[in-house]
Amino acid sequence: MTRVLIVDDSEDARLAIAEFLERDGYEVVVSAEGWEALRAQEKSPFDVLITDIFMPDKDGVETIREFHQRYPQTRIIAMSGMVGTKVDYLSLSRDFGADKVLRKPFDVAELKTMLREVLAETAAAATP
């Protein structure tokens, strides 16, 4: 079973995404911030990290960078609803290791498609 870790400081967002993915058969764990996510990964690795960018304690860019460095096998999808800033943090998140980026609000079908894509890429890379 594919394990997915969702990190978002919004409880509503975490739980809604988790519910949709669990219906599709994914094993989902949620976290409110990056430090919790890293501890969860250390205990039992996840296949995919889905993380918000803007969070109060450890932001998503930092979380992505650490996951990418410490757990390169974990695929990463970054999401953010922040617009109007001088820096495009979703594009920046790719530079730090995000495989896909998703602008909020998004359709759950779009997230599910991205999830299938990163898992297919992982499977293709593992096939000799």
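The values are calculated or read from the model by the stated rules, or taken from the named source; none is laboratory data. Predicted model, so just to flag it, every value in this text is computed and none were measured. Note: ideal-geometry Cβ built from the backbone for every residue, glycine included; neighbour counts use all protein chains shown.
Screening 91, 44 for residues that are among the polar types (S, T, N, Q), surrounded by fewer than 17 Cβ atoms within 10 Å (Cβ to Cβ) and within 19 Å of residue 110 (Cβ to Cβ) leaves exactly one candidate, 91. Yes or no: segment 56-65 includes at least one residue that is over 21 Å from residue 103 (Cα atoms), hydrophobic (A, V, I, L, M, F, W, C), at pLDDT 95 or above and assigned to a helix (DSSP H, G or I). Taking every residue of segment 56-65 in turn, none turns out to be over 21 Å from residue 103 (Cα atoms), hydrophobic (A, V, I, L, M, F, W, C), at pLDDT 95 or above and assigned to a helix (DSSP H, G or I).
Are any of the residues in segment 68-76 among the hydroxyl-bearing types (Ser, Thr, Tyr) and surrounded by fewer than 12 Cβ atoms within 10 Å (Cβ to Cβ)? No, every residue in segment 68-76 fails to be among the hydroxyl-bearing types (Ser, Thr, Tyr) and surrounded by fewer than 12 Cβ atoms within 10 Å (Cβ to Cβ). Among the residues of segment 34-73, those identified as among the hydroxyl-bearing types (Ser, Thr, Tyr) and within 19 Å of residue 91 (Cα to Cα) are 51, 63.
Among the residues of segment 1-49, the ones that are under 13 Å from the mean Cα position of the chain (by Cα), not in a loop (DSSP other than H, G, I, E, B) and not aliphatic (A, V, I, L, M) come to 5 in all.
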